[in-house]
1. What list of ³J(HN,Hα) couplings, whole Hz, do you get for the stretch 11-22 from phi and the Karplus terms 6.51, -1.76, 1.60, once you set θ to phi - 60° and write x for glycine and proline?
2. Could you give the C-alpha radius of gyration of the stretch 141-200 expressed as a fraction of 2.2 N^0.38 Å, taking N as the number of residues it contains?
3. Between the stretch 96-120 and the stretch 130-148, how many Å separate their Cα centres?
4. Hey, got the dipole for the stretch 4-131? About the Cα centre, +1 on K and R Cβ, -1 on D and E Cβ, debye to the nearest 20?
5. When the Karplus curve 6.51 cos²θ - 1.76 cosθ + 1.60 is applied with θ = phi - 60°, which whole-Hz ³J(HN,Hα) does each residue of the stretch 52-57 get, with x for Gly and Pro?
6. Short version: ³J(HN,Hα) in whole Hz for each residue of the stretch 203-219, in order, from phi by Karplus 6.51 cos²θ - 1.76 cosθ + 1.60 (θ = phi - 60°), x for Gly and Pro, what are they?
7. Treat every Asp and Glu Cβ in the stretch 238-280 as -1 and every Lys and Arg Cβ as +1, leave all other atoms uncharged, and give the resulting dipole magnitude about the Cα centre to the nearest 20 debye.
8. Any chance you could check the Cα centroid distance between the stretch 226-244 and the stretch 248-276 for me, in angstrom?
Amino acid sequence: MLDLMKLNIETPNQVVDINKLSLYKIEELPNGGVRIGALVKNSDLSYHPYIIKNFPVLSEALLSGASPQLRNMASVGGNLMQRTRCPYFYNTDFACNKRLPGSGCAAISGYNRMNAILGSSDKCIATHPSDMCVAMAALGATIHVQGPNGTRAIPFTDFHLPPGQTPQIEHNLKPDELITHVEIPALSFTARSHYLKVRDRASYEFALTSAAVALDIQNGTIKNARVALGGVGTKPWRSLEAEKALIGAPANNDTYKKAAEAALATAKGNKDNAFKIELAKRTLVRALKTVEGLP
Ligand SMILES: Cc1cc2nc3c(=O)[nH]c(=O)nc-3n(C[C@H](O)[C@H](O)[C@H](O)COP(=O)(O)OP(=O)(O)OC[C@H]3O[C@@H](n4cnc5c(N)ncnc54)[C@H](O)[C@@H]3O)c2cc1C
């Protein structure tokens, strides 16, 4: 938010410091799930032994994001709410429907190598930048919020909104609500999970493509699967299509390729980012192969 305030993209009248709220706990739930406070730092979550053991995809996603210094400061709530890194959103000399509704989208006709290929509209092709959110989407997390009218639980895939005709409306949180915690349910197979991020340099860089996957393989057959993609969607992109292609199929390269085709079937490339369609497929296939090989 500080970056956006420095650039006059966000100009809040008032900023509220929530750091004194007791939302710093990572609690193992009796059923095997985990409850993560909204103020838990990205570093603390990524190095938590319970997360490393039971949800490695989340730990890996967090460690692939930003830099160690940023991760020491960034919170779960802030990461959920972070805004796009589309360069035209950041440059007030250009049109951006997200920043100034109705002004147009300079990215559609501009340099759009980093932009989205899934979930875009004629008003916006901005990519959702988070890594953590991709893992949480795959894990089927629930976001818990609180406001003057009580508490609400929002399924992860309903929290962020596709741009449609209103790209300035990015999420389901109401102005008077606060995220209190995120819950990740117990799933028997998420210990076999992995996050793969493909980017222009190995650190301190947003994803070109990424994949968060978990597989339950029994006697060579995929009994259950979770798949989400990053760097390609206007929101963290859970792919139910890929999961459907995987579940019940033999755990092999052909199946992974079919899942990747299904995941990207509706992808739409632009002038500079059509290469991401093939890259995203390869990223997903490689992530699935890696999980297959895990002990
Ligand atoms: C240079 C740079 C590189 C980065 N690279 C990556 C990357 O590769 N991958 C990645 O995933 N992330 C990346 N990030 C994002 C980073 O990890 C943080 O998640 C992000 O900057 C948010 O920081 P913060 O937690 O300080 O949130 P803030 O800036 O404090 O808050 C962000 C927004 O969230 C709102 N908010 C915060 N907490 C709550 C809450 N509990 N309830 C409701 N609203 C809330 C704030 O009001 C604000 O609007 C990068 C950031 C930077 C600056």
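1. Karplus-based 3J(HN,Hα) across the stretch 11-22 equals 10, x, 6, 8, 10, 9, 7, 9, 5, 8, 6, 8 Hz.
2. On the way: Rg = 15.1 Å, N = 60, 2.2 N^0.38 = 10.4 Å.
Dividing the Cα Rg of the stretch 141-200 by 2.2 N^0.38 Å gives 1.45.
3. 25
4. Working: 13 positive and 9 negative charges, 26 e Å.
Rounded to the nearest 20 debye, it is 120 debye.
5. Once θ is set to phi - 60°, the couplings for the stretch 52-57 become 4, 6, 9, 9, x, 4 Hz.
6. Those phi angles translate into 9, 6, 8, 6, 6, 6, 9, 8, 9, 10, 9, 9, 10, 10, 10, 10, 6 Hz.
7. Working: 7 positive and 6 negative charges, 25 e Å.
Approximately 120 debye in magnitude.
8. 10
The values are calculated or read from the model by the stated rules, or taken from the named source; none is laboratory data. Please read these numbers as outputs of a predicted model, since none were measured by experiment. Here the Cβ is made from the backbone with ideal geometry for all residues, glycine too, and neighbour counts use every protein chain on show. What goes into the accessible areas is simple: the full protein's heavy atoms, side chains included, and nothing from ligands, DNA or RNA. Shrake-Rupley method; radii C 1.70, N 1.55, O 1.52, S 1.80 Å.
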